[in-house]
Amino acid sequence: MAAEPDRVLIFDTTLRDGEQAPGCSMMRPEKLRVARSLAELGVDVIEAGFPAASKGDWESVQAVSREVQGPVICALARCTREDIELAARALADAPRRRIHVFLATSAIHRQYKLNMAEGEILRAAIEGVRLARELCEDVEFSPEDASRTELEFLAQVVEAAIEAGAGTVNIPDTVGYTVPDEFAELFRYLRKNVRGIERIRLSVHCHDDLGMAVANSLTAVVAGARQIECTINGIGERAGNCSLEEVVMALKTRSAFFNVTTGIQTTRLYPASRLVSSITGMPVPRNKAVVGENAFAHEAGIHQHGVLRHYSTYEIMRPEDVGLSRSHLILGKHSGRHAFRERVRALGFELEEADFNQVFEEFKALADKKKELFDGDIEALVLRVEGAAAGPWTLLGLETHAGTEGPATAKVRLGHADGRLIERSAQGDGPVDGAFKAIEAATGVGVMLRKFEVRGVTEGEDAQGEAVVYVEYNQRTYRGSSVSTNIVESSTKAFLEVINRIEQAAAGTRSRERAGTLGSASAI
Ligand code: KIV
Ligand code: ZN
């Protein structure tokens with residue numbers, strides 16, 4: 001008789017390692033939205049942030065701890081008293097919490113990054129885990145760059161961390177260097193040579209520098225890992241982390257091979273992927289496994305013929321299994337609340353009543369401009385609810401003039417939350433450039449435009465255009481996006497969202513400075 005499948009825990013680090021990816025930083029309300037969607041997805045652990053990295057990170061971990069029910073909420077800390085205490089304080093309100101302490105162990109990191117000898121690393125790891133255990137029952141330890149650490153020394157550190165009280169030991173392939181056979185061997189070595197390893201949960205954490213993060217994570221499961229650290233859409237440092245949707249669907253689709261289960265509601269994968277992509281502005285490649293636009297599209301005639309006969313000829317998963325419920329049902333201005341609600345649900349989104357009412361109003365307004373609304377239009381409306389950085393500025397009016405002769409002109413009318421009404425005009429190289437310059441003049445915030453993209457969210461002549469703007473301001477990257485059937489309007493609103501984010505960040509810093517909530521923040 002086959003053994004009962006073991007449960008593999010899914011530890012999501014989208015809000016920590018994922019957010020470390022350039023251009024993927026999220027504001028607190030956005031992090032909360034992602035955390036709620038991860039809870040609905042059924043992840044076991046949410047790594048909500050690295051509280052010592054910044055005040056914003058600390059506050060986000062605290063907000064997730066207070067507001068998100070279900071999964072264990074985890075915070076990352078270096079093996080220092082300050083980091084560990086900050087993590088414990090940020091997690092204090094979480095009903096289930098974990099402190100994740102890490103310390104690099106490889107010779108390269110010991111020599112060039114830490115300037116510490118093996119003995120010092122051992123002592124710091126033990127002290128870090130012990131202190132974390134004093135403040136939190138559930139402690140995870142990661143020897144950073146484990147895959148490039150001498151095996152004997154790695155085994156020594158892991159054994160010491162277990163003795164000091166770690167309940168989970170995570171083995172990171174920090175630089176995405178290992179290959180499946182070698183990594184499986186490393187896990188087998190640790191299981192054979194580390195005293196007490198049978199008492200703890202072994203975890204795996206892979207980066208995708210050589211495109212093997214998912215394969216390396218799966219091989220670790222075969223070799224005994226029972227927790228996988230991963231991110232939605234595989235976002236993360238450099239080439240990213242192990243992609244949650246890919247690793248989960250591999251375990252599910254090939255369950256007879258792996259003989260393990262996860263607690264993931266796979267029908268929530270697609271909505272979670274769209275949400276993270278829309279919030280971070282990191283597009284999902286069309287051909288991405290599991291959640292890419294083409295993942296279930298069959299172009300070749302011979303494939304289409306086979307799938308029509310029976311889906312199993314060319315499909316190893318069903319689109320519905322991952323929450324991709326494409327329909328040819330088109331909604332329009334005569335569609336009622338009920339039909340709209342059903343479509344929103346079929347697309348995998350659950351909205352609170354107030355949010356639903358707001359999206360329904362926007363749907364009606366859009367249906368007045370656009371004859372037919374496709375799934376992509378509805379998704380864009382739902383993903384934007386409470387997504388846009390709210391205020392302080394609102395666009396009250398926009399006029400542009402552009403032609404082939406001479407510069408374009410744009411006039412914007414803005415309202416500020418403090419009651420100011422400001423109108424400014426500017427010339428530019430095209431109406432969008434003019435509108436951006438007019439907004440800078442009206443708000444007094446000058447930025448460096450780094451990237452500007454417009455793409456259609458659906459097909460057709462009256463398709464909506466999503467504009468995404470990236471700017472640099474005070475050495476930080478800010479991003480804004482907006483959707484409209486008029487791309488000058490969506491571009492202008494996306495730019496104004498950037499200005500709002502800058503003003504919100506500045507206001508947050510000022511109020512925290514006044515309240516003196518935290519000491520100075522440090523980066524990794
Ligand atoms: O990649 C890595 O080593 C990490 C650790 C902090 C777990 O992210
Ligand atoms: Zn990592």
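The values are calculated or read from the model by the stated rules, or taken from the named source; none is laboratory data. Every value quoted in this text rests on a predicted model; they were computed, and no experiment measured them. Please note: Cβ atoms are built from the backbone with ideal geometry, for glycine as well, and neighbour counts cover all protein chains shown. Each accessible area value is taken on the protein alone, full model and side chains, heavy atoms only, with ligands, DNA and RNA left out. Shrake-Rupley method; radii C 1.70, N 1.55, O 1.52, S 1.80 Å.
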So, Asp83, is that one more than 26 Å from Asp208 (Cα to Cα) and either in the same structural domain as Leu38 (by TED's automatic domain parsing) or free of Cβ contacts under 8 Å to residues at least 40 places away in the same chain (or both) or not? yes
On the basis of being part of a helix (DSSP H, G or I), open to solvent by less than 50 Å² (accessible area, probe 1.4 Å) and either among the hydrophobic types (A, V, I, L, M, F, W, C) or outside the structural domain of Asp375 (by TED's automatic domain parsing) (or both), does Val344 make the cut? yes
Of the numbered conditions (1) crowded, with 16+ Cβ neighbours inside 10 Å; (2) part of a loop (DSSP other than H, G, I, E, B); (3) at pLDDT below 90, Glu466 fails exactly one; give the number of that condition. (2)
Checking Arg226 against (1) under 26 Å from Val157 (Cα atoms); (2) surrounded by 24 or more Cβ atoms within 10 Å (Cβ to Cβ), which single condition isn't satisfied? (2)
Among (1) open to solvent by less than 10 Å² (accessible area, probe 1.4 Å); (2) farther than 30 Å from Arg66 by Cα, the one test that Lys113 misses: (1)
If I filter the range 138-150 for residues that are outside any loop (DSSP other than H, G, I, E, B), within 13 Å of ligand 1 (Cβ to nearest atom), open to solvent by 10 Å² or more (accessible area, probe 1.4 Å) and more than 18 Å from Cys79 (Cβ to Cβ), do I get at least one hit? yes
Filtering the range 143-171 for residues that are within 16 Å of ligand 2 (Cβ to nearest atom) and touching a helix residue (DSSP H, G or I) at 6+ places or on another chain (Cβ under 9 Å) leaves a count of 10
Within the bounds of the range 105-126, is there any residue that is modelled with pLDDT of 95 or more, under 30 Å from Ser277 (Cβ atoms), of a type in the set (Phe, Trp, Tyr) and assigned by TED's automatic domain parsing to the domain that holds Ala155? no
When Val307 is evaluated against the numbered criteria (1) more than 16 Å from ligand 2 (Cβ to nearest atom); (2) touching a His at 6+ places or on another chain (Cβ under 8 Å); (3) part of a loop (DSSP other than H, G, I, E, B), which criterion, by number, is the only one it fails? (3)
Looking at (1) open to solvent by 10 Å² or more (accessible area, probe 1.4 Å); (2) assigned to a helix (DSSP H, G or I); (3) within 16 Å of ligand 2 (Cβ to nearest atom), find the lone condition where Arg238 falls short. (2)
Of those in the range 209-223 that are under 15 Å from Phe258 (Cβ atoms) and within 16 Å of ligand 2 (Cβ to nearest atom), the residue most open to solvent (accessible area, probe 1.4 Å) is Val214
